[in-house]
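What follows is a single structure, written as structure tokens, with notes after it.
The values are calculated or read from the model by the stated rules, or taken from the named source; none is laboratory data. For clarity, every value in this text was computed on a predicted model and none was experimentally measured. Every residue, glycine among them, receives a Cβ derived from its backbone with ideal geometry; neighbour counts consider all protein chains shown. Calculation scope for accessible area: heavy atoms of the full protein, side chains included, ligands and nucleic acids excluded. Shrake-Rupley method; radii C 1.70, N 1.55, O 1.52, S 1.80 Å.
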Amino acid sequence: MPDVFADLVGQDDAVDTLRRAAASAAAVLRVAHLPAPSATVVDPDDDLAALAEADEGTATTVDPGAGMTHAWIFTGPPGSGRSVAARAFAAALQCVHGTGCGTCPGCHTTLTGTHADVRLVAPEGLSIGVGEMRALVLRAASTPSGGRWQVVIIEDADRLTEAAGNALLKAVEEPPPRTVFLLCAPSTHPEDVSVTIRSRCRVVPLRQPSAAAVAEVLAARDGIAPDVAQWAAAAAQGHVGRARRLARDPEARQRRDAVLAVPRRLTGVGTALDAASALIEAAEAEAAASVAESDAAERAALQTALGAGGTGRGAAGATRGSAGQLKDLEKRQKSRATRAQRDALDRALVDLAGFYRDALTSALRAPVAPVHTDTAALAEAGGQKWAPEGALRRLEAVLECRAAIEANVKPRIAVEAMMLSLWRG
Ligand SMILES: [Zn+2]
């Protein structure tokens, strides 16, 4: 029976750490629930004291080095499974067997997002605001209703505003006894996570899984044909979710084909600017499609809640007050759409970077497999024509574009500059 850690592809070290921590956490709960004589060993009201004791090896059933702690950061490149790891660990903490068996009610409700003591923050806009964080910290301080742990998962902790980061820091510095914070971020660089928060957390680094490991999972768990799985795993460059989408979704494949057609279409200033427009518009269309459904559903739900269409005496007053709420919703939806556009554009840029990386490795005759097997011949021709230096300049132009957009340069400007660099070489 696969347990909750089975979805973490190619992350043996991290899984090892988390399993031991989950066992240690379960031991902490057992110690806390022991009758009076044993309870004098640790203060029953302070589980962190118990945690510390467990760390020092006083809990005989637990590996002394396997300590549990109340704040964790999962780091790794996009697609390496940061939030998958955080959720799996949360499930193991709530597991009635303390292992993350994958089948008990604790595991099941955590993984399906319905456990009463697991809260997930995923920013829908470009950042997580202070209001959201304060409310979360407040609720996290309550006693776990299931008698185990209060778990707070913060996806994209790198998108915390400074004020939100400070609110979180207070909670992490003085943690409620049964609360565990699980943060996900690309790295522990100060730009991603503040130094003070970092200093309070234990870091679980995840690495980019190999294409072979990703292909194996797609074939074994998702039933995807092995040759398709191998192609998709390589093309997705270690991003499990992206590989699965490429293998299953014909539209995702078409979008990728369109992006990889860019290099051979760049024949002049005009075509370069056209290619920039096409790339931006494709990202906009993809993002619009991805948020359209939830936007409409949210709007309908809010209108129903506000009594739209009502004819009673209260209806007119409700309509006047509801304008503000609708405006708030529109603001949130706009912010989410912007984020979805950036994400779609970034995926396209990663694909494009893969092409020039293939050109570079081919020009250098490096003995590595191409990222995009289906455009490998084209990349090789490019590599011969441009020589390693030219291929490297083009790869750098794509990476600079990503960095510029990350630093809030208008996407159209950054992409146009990139296309012109790619054309000039
Ligand atoms: Zn379980």
Q) Looking at the range 370-391, which of the residues that are out of contact with any Lys or Arg (no Cβ under 8 Å at 6 or more places or on another chain) and of a type in the set (Val, Ile, Thr) is nearest to residue 229 (Cα to Cα)? A) 373
Q.
Residues that are surrounded by fewer than 21 Cβ atoms within 10 Å (Cβ to Cβ) and more than 25 Å from the chain's Cα centre (by Cα): does the range 243-251 have at least one?
A. no
Q. Do you know which residues across the range 74-97 are near the ligand (Cβ under 8 Å from one of its atoms) and in contact with a helix residue (DSSP H, G or I) (Cβ under 7 Å, 6 or more places away or on another chain)?
A. 91, 92, 94, 95, 96
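Would you call residue 342 open to solvent by 10 Å² or more (accessible area, probe 1.4 Å), under 23 Å from residue 191 (Cβ atoms) and assigned to a helix (DSSP H, G or I)?
Details: open to solvent by 10 Å² or more (accessible area, probe 1.4 Å): yes; under 23 Å from residue 191 (Cβ atoms): yes; assigned to a helix (DSSP H, G or I): yes.
When the stated conditions are applied, residue 342 passes them.
Give me a count of the residues in the range 4-34 that are under 19 Å from residue 180 (Cβ atoms), of a type outside the set (Lys, Arg) and at pLDDT 85 or above. If you could, list the steps in order and put the result at the bottom.
Our first condition is that a residue be under 19 Å from residue 180 (Cβ atoms); within the range 4-34, this holds for 4-5, 8, 14-33.
Those left that are additionally of a type outside the set (Lys, Arg): 4-5, 8, 14-18, 21-29, 31-33.
The next check asks that each one be at pLDDT 85 or above; those that pass are 4-5, 8, 14-18, 21-29.
Summing the residues that are under 19 Å from residue 180 (Cβ atoms), of a type outside the set (Lys, Arg) and at pLDDT 85 or above in the range 4-34 gives 17.
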Q: May I ask you to verify whether residue 110 is open to solvent by 30 Å² or more (accessible area, probe 1.4 Å) and out of contact with any Ser or Thr (no Cβ under 6 Å at 6 or more places or on another chain)?
A: no
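Listed residues 287, 300; which is out of contact with any helix residue (DSSP H, G or I) (no Cβ under 6 Å at 6 or more places or on another chain) and farther than 19 Å from residue 398 by Cβ? Walk me through it before giving the result.
Values: 287 fails: out of contact with any helix residue (DSSP H, G or I) (no Cβ under 6 Å at 6 or more places or on another chain).
Result of the check over 287, 300: 300.
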Q: Kindly indicate which of 202, 178 is surrounded by fewer than 16 Cβ atoms within 10 Å (Cβ to Cβ) and in contact (Cβ under 8 Å) with a residue 60 or more places away in the chain.
A: 202
Q.
Quick test for you: out of 165, 81, 98, 146, pick the one residue that is open to solvent by less than 40 Å² (accessible area, probe 1.4 Å) and more than 29 Å from residue 339 (Cβ to Cβ).
A. 98
Q: Considering only the range 372-390, state which residues are open to solvent by 50 Å² or more (accessible area, probe 1.4 Å) and aliphatic (A, V, I, L, M).
A: 377, 378, 381
(Q) Being within 16 Å of the ligand (Cβ to nearest atom), more than 17 Å from residue 86 (Cβ to Cβ) and touching a helix residue (DSSP H, G or I) at 6+ places or on another chain (Cβ under 7 Å) is the filter here; which residues of the range 103-154 pass it? (A) 146
